[in-house]
Amino acid sequence: MSIGKEEKSFLSLKLTYLSVLTAVAITIGILETVIPPPVPLGGFKWGFSNSIILMILIIMGEKEGFTAAVLKVVVSNLLTGRFLGPSFFLGLGGSLSSVYMMSMLMKSKFGLIAVSVFGSFTSNLVQILLAAMLFIGSLKVFYLSGYIIGVGVFTGFLNAIIAYGGIKWMKQIDILS
């Protein structure tokens with residue numbers, strides 16, 4: 001079975017969009033490592049690169065969202081010298097759980113803000129659980145959970161606004177139809 005010329009062109013365009021948006025998410029993820037974190041502990045970041053992952057989920061779908069999330073975590077941790085360290089495993093667990101939650105909510109027709117906020121909440125909860133079980137060995141990390149999840153809800157809201165604006169801009173300049 002051969003692929004027609006139009007289908008090849010569509011697949012090339014889709015791969016190009018995925019590559020560019022993933023590169024943007026990686027770049028934002030790396031830049032976030034130099035911005036003072038919302039929680040004064042190592043490994044915490046604002047999470048604005050997740051707005052790009054949300055855009056990929058909306059524009060392309062679940063498979064591409066998971067692909068971009070994994071690439072974002074792996075490449076940004078490789079480039080910042082944190083590969084296979086605690087932030088790598090926390091980031092990977094948080095990203096995968098977030099994409100899964102957002103994908104499920106999108107199928108259930110939740111609004112963009114709810115999808116993003118619940119994705120952020122899920123990511124933070126999973127990261128707190130992983131930190132407690134794998135790295136700290138104590139549930140005392142949950143003392144910070146209210147603050148961490150509160151900041152996450154705020155950034156989840158902002159990520160929804162950023163994703164909406166990014167998609168709107170892509171449509172205005174005729175990148176998306």
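Every number here is computed from the coordinates shown, using simple stated rules; none is lab data. For clarity, every value in this text was computed on a predicted model and none was experimentally measured. For neighbour counting, all protein chains shown are included, and Cβ atoms are generated from backbone atoms with ideal geometry for every residue, glycine included.
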* Taking 7 Å along the Cα-to-C-beta vector as the label spot, tell me the Leu84-Val153 distance in nanometres, rounded to one decimal. => 3.9
* Asked: Tell me, what is the FRET efficiency for Leu144 and Ala23 to the nearest 0.05, using R0 = 35 angstrom and their Cβ-Cβ distance as r?
  -> 0.60
* Asked: Top mean-square fluctuation among Leu71, Leu105, Leu134, Gaussian network model of the chain, C-alpha springs under 10 Å?
  -> Leu134
* To do: Could you tell me what fraction of 2.2 N^0.38 Å the Cα radius of gyration of the chain comes to, as a two-decimal ratio?
  => 1.06
* To do: Would you tally the net charge around Leu18, using a Cβ to Cβ cut-off of less than 11 Å, leaving Leu18 out, and scoring K and R as +1, D and E as -1?
  => +1
* Structure fact -> Here region 106-113 yields Karplus 3J(HN,Hα) values (6.51, -1.76, 1.60; θ = phi - 60°; whole Hz; Gly and Pro given as x) of 5, 5, 8, 6, 6, x, 4, 5
* Rounded to the nearest 20 Debye, what is the dipole magnitude of the chain about its Cα centre when Lys and Arg each give +1 and Asp and Glu each give -1 at the C-beta? -> 80
* To do: Could you tell me which of Phe118, Val99, Tyr164 has its Cα farthest along the dipole of region 5-172 towards the positive end, charges placed at Cβ (Lys, Arg +1; Asp, Glu -1), taken about the Cα centre?
  => Tyr164
* Asked: What is the calculated FRET efficiency for Ala132 to Lys107, with r their C-beta to C-beta distance and R₀ = 41 Å, to the nearest 0.05?
  -> 0.85
